[in-house]
Amino acid sequence: MSQIDFEKALNAEQLAAVQAPDGPVLVIAAAGTGKTRTLTYRVAWLVEHQIDASQILLLTFTNRAAREMLERAQALVGAAVGGLWGGTFHHMANRMLRRHAQAIGYKSDYTILDQDDSRTLVRTCADELDLLGKHFPKPDVLQSVFSLSVNREEPVEKTATGHFEDSLVAIEDIVKVHEAYQARKKTLNAMDFDDLLANGLKLFRDHPSILEQYQHRFLYTLVDEYQDTNTIQAEWVDRIAAHHRNLLVVGDDFQSIYSWRGADFRNIMSFPKRYADASVFKLETNYRSVPGILEVANACIAGNPEQFQKNLKAVREATVKPVCVQLHDGGQQARYVVDRIRRLLRKGVSMKDMVVLYRSHFHAMELQMELAREGMPYEVTSGVRFFEQAHIKDVCTLLRLFFNAEDELAFMRLLKLFPKVGEKTCIKLWEKLGRQVNLRNAEQLKWIREHLPAAAARIWETLEPVIIAYETEHLRNDPGEFIFRFVKTFYREYAIETFDNHDRRLDDIDELMNFTARFESAEQFLSEIALQTNLDAEIDEMDAAEQNRIRLTTVHQAKGLEWKVVFVLWMSDGMFPSSRSLSDSGAEAEERRLFYVASTRAKDELYLCVPEMRRMRDGGVMNYPPSRFIREINPDLLQNDFVGYI
């Protein structure tokens, strides 16, 4: 007799999935419908029906998720769950590779390289080929390209060509480094994180007898977050479950938002085709959000034709409708959000129960400034604060030196951007310059060039016309144009070679250049940046003990989380969805899923902010229509808020 009252613990949808018959099973679990609970009770159901836990394989994407499910299952059925194989794909692949490494040419005591070890090895390979410093990507960027090629199962040459489009980087050199890196790992008897997946699949592809051991061992295979699997993970799972075919996968195609890191939306969509006899269950009862929020989410996602149709149903009582806020620009948006936060605080909502979400990091720039000015504590969990980011500081270094000839930190930061220039060279030059640099002095510019290493001197020479133009073309009154020339002449290529997310960083710099349009001089612009940074530091110091802050984060990093109140910024076409996605129907579909994820993070209140314009650095404006995701929603589902702020 069952020790667990499954019918009492689960709703009808969850119960049907938990009690699914043997064979392939697809559970489409919409946002907030109890996915983790369903998987946990599925494990308990199997154990209570005399399935030995050692015959169950549970695959997750994070150790935390695996730990949570195993702890919950143990609370339900006790020690009987102890033998279950549960963990991430990487963890399980490693567990098997340790036993069979020799079959693919490794020793069983192979080393797993962490990110720092891998970076060091990539750097060594590039150094030995004499490539670093010659318009060549930094090791972090190479690692990112190598990783994506593995997870997409495509040649490095193809991945690199897409990543370095319109760049001076030689793709054949990247291929050489990759070949050297692969060979060096084999010599060292080492695998990096991506090798665990690739070699785990290779083990099964090349050695059917080994695969057969695990096919017979695991009677049931369960997979969490199936919509986030890449091609390697999907094939690995298909192979291991091929004998008994008791494969249950749980996921939500509406929340497939990670194609940029290798996840393949087609895995979940093709499951019923690959398994024609699959049982399909849908979890649509949402316990998180009020009805109005779910109606907006349902209306938006309906615009994607290629999906498993489902409709979120609320169990909570109806309250206020989501708010669509018509705003003039990003500055007004920032003032609105701060004002609304103050009202919510007066109503008793805690700061930690509120979040501001955005598509891209730079969307929150004006809001960060407004929060700092108002002394309101906040935390940016999608990266460091806007003006503290490395690339933002980098492009301001020359301006800082014009503003303050004794700014040693700016001088050091600028020169370290150049190849073959390190700390010792910077200190030596700074001391010989008398601890100050006059960029208005042509002789001093020439002296610096002559004392730099050859590769750095060539870059300095290309920058000299930009530096001279600061005075001759009065660019002190147009800091955006000065930054633009610095980026065009040098920093764009530097960013491509240095950062694996160079597109996002260059977008940030574009927004910084637009931001300069509100200042009459470089001095005013730099003073405002310094003020904001200092205000942020003061807020951090004051708030250190309380740790009660507004969270600012991208939608990607908010997936899986929830808050009482959610603000979504820049719901304007070209911002959300992003301008890059508008020419690609597949990309637009993922952007719509991203908005679905954003809206379903909210439990009680949802604010959709729709600014209509941005100021550009040339003094003009860029007008934006409301996001197509807003326009697709029946106006009756929203309450409009027209703001009268100046």
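The values are calculated or read from the model by the stated rules, or taken from the named source; none is laboratory data. Just so it is clear, the structure is predicted and the values come from calculations on it, not from any experiment. Because the Cβ atoms are built from the backbone with ideal geometry, glycine has one as well, and the counts that use them run over all protein chains shown. Ligands, DNA and RNA are stripped out before the accessible areas are found, and what is left, the full protein with its side chains, is counted by its heavy atoms. Shrake-Rupley method; radii C 1.70, N 1.55, O 1.52, S 1.80 Å.
Considering only the range 187-199, I want to know if a residue exists there that is in a helix (DSSP H, G or I), out of contact with any strand residue (DSSP E or B) (no Cβ under 8 Å at 6 or more places or on another chain), modelled with pLDDT under 95 and open to solvent by 70 Å² or more (accessible area, probe 1.4 Å). Yes: one or more hits.
Is it true that A495 is open to solvent by less than 10 Å² (accessible area, probe 1.4 Å) and modelled with pLDDT under 90? Lay out the reasoning, then the answer.
Details: open to solvent by less than 10 Å² (accessible area, probe 1.4 Å): yes; modelled with pLDDT under 90: no.
No; evaluated as a whole, the condition is false for this residue.
Of all the residues in the range 497-526, those that are β-branched (V, I, T) and farther than 22 Å from M575 by Cα number 1.
You will find that of T397, T381, T425, the residue that is touching a residue at least 12 places away in the same chain (Cβ under 8 Å) and surrounded by fewer than 16 Cβ atoms within 10 Å (Cβ to Cβ) is T381 and no other.
Which one is farthest from I210 (Cα to Cα), of the residues in the range 99-116 that are outside any loop (DSSP other than H, G, I, E, B) and touching a residue at least 12 places away in the same chain (Cβ under 8 Å)? So that I can check it myself, show each step before the final result.
First, pick out the residues of the range 99-116 that are outside any loop (DSSP other than H, G, I, E, B): 99-104, 111-112, 115-116.
Pick out the ones that are also touching a residue at least 12 places away in the same chain (Cβ under 8 Å) and you get 100, 103-104, 111-112, 115.
Working: H100: 8, A103: 9, I104: 11, T111: 22, I112: 22, Q115: 30 Å.
Ranking the qualifying residues of the range 99-116, first place goes to Q115.
Scanning the range 200-230 for residues that are among the aliphatic types (A, V, I, L, M) and either assigned to a helix (DSSP H, G or I) or open to solvent by 10 Å² or more (accessible area, probe 1.4 Å) (or both) turns up L201, L203, I210, L211, L219. Consider the range 382-396 and keep the residues that are part of a helix (DSSP H, G or I) and β-branched (V, I, T). The one that is farthest from Q557 (Cα to Cα) is V395. Pairs linking a residue in the range 298-318 that is aromatic (F, W, Y) to a residue that is at pLDDT 90 or above, with Cβ atoms under 7 Å and 6 or more positions apart or on different chains, are F308/I28; F308/D253.
Only a single item in (1) among the polar types (S, T, N, Q); (2) open to solvent by less than 30 Å² (accessible area, probe 1.4 Å); (3) more than 24 Å from the chain's Cα centre (by Cα); (4) closer than 25 Å to P625 by Cβ is not met by Q326, and it is number (2).
Annotation: R67 fulfils all but one of (1) within 35 Å of the chain's Cα centre (by Cα); (2) surrounded by 20 or more Cβ atoms within 10 Å (Cβ to Cβ); (3) over 30 Å from K138 (Cα atoms); the unmet one is (2).
Rundown of residues vs (1) crowded, with 16+ Cβ neighbours inside 10 Å; (2) more than 29 Å from D206 (Cβ to Cβ), yes/no style:
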position: L76; (1), (2): yes, yes
position: A80; (1), (2): yes, yes
position: A101; (1), (2): yes, no
position: L121; (1), (2): yes, no
position: D127; (1), (2): no, yes
position: L148; (1), (2): yes, no
position: E154; (1), (2): no, no
position: A160; (1), (2): yes, no
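Inspect the range 231-254 for any residue being among the hydroxyl-bearing types (S, T, Y), touching a residue at least 12 places away in the same chain (Cβ under 8 Å), open to solvent by less than 10 Å² (accessible area, probe 1.4 Å) and not in a strand (DSSP E or B) and give the result as yes or no. Looking through the range 231-254, none of the residues is among the hydroxyl-bearing types (S, T, Y), touching a residue at least 12 places away in the same chain (Cβ under 8 Å), open to solvent by less than 10 Å² (accessible area, probe 1.4 Å) and not in a strand (DSSP E or B).
Those residues that are within 29 Å of the chain's Cα centre (by Cα) and open to solvent by 30 Å² or more (accessible area, probe 1.4 Å), I need them from the range 273-287; list them, please. Residues satisfying the conditions are K282, E284, Y287. Whether a residue is assigned to a loop (DSSP other than H, G, I, E, B) and closer than 30 Å to D500 by Cβ was assessed, and I257 passes this test. Just one of the numbered conditions (1) under 25 Å from V597 (Cα atoms); (2) at pLDDT below 90 is not true of T533: (1).
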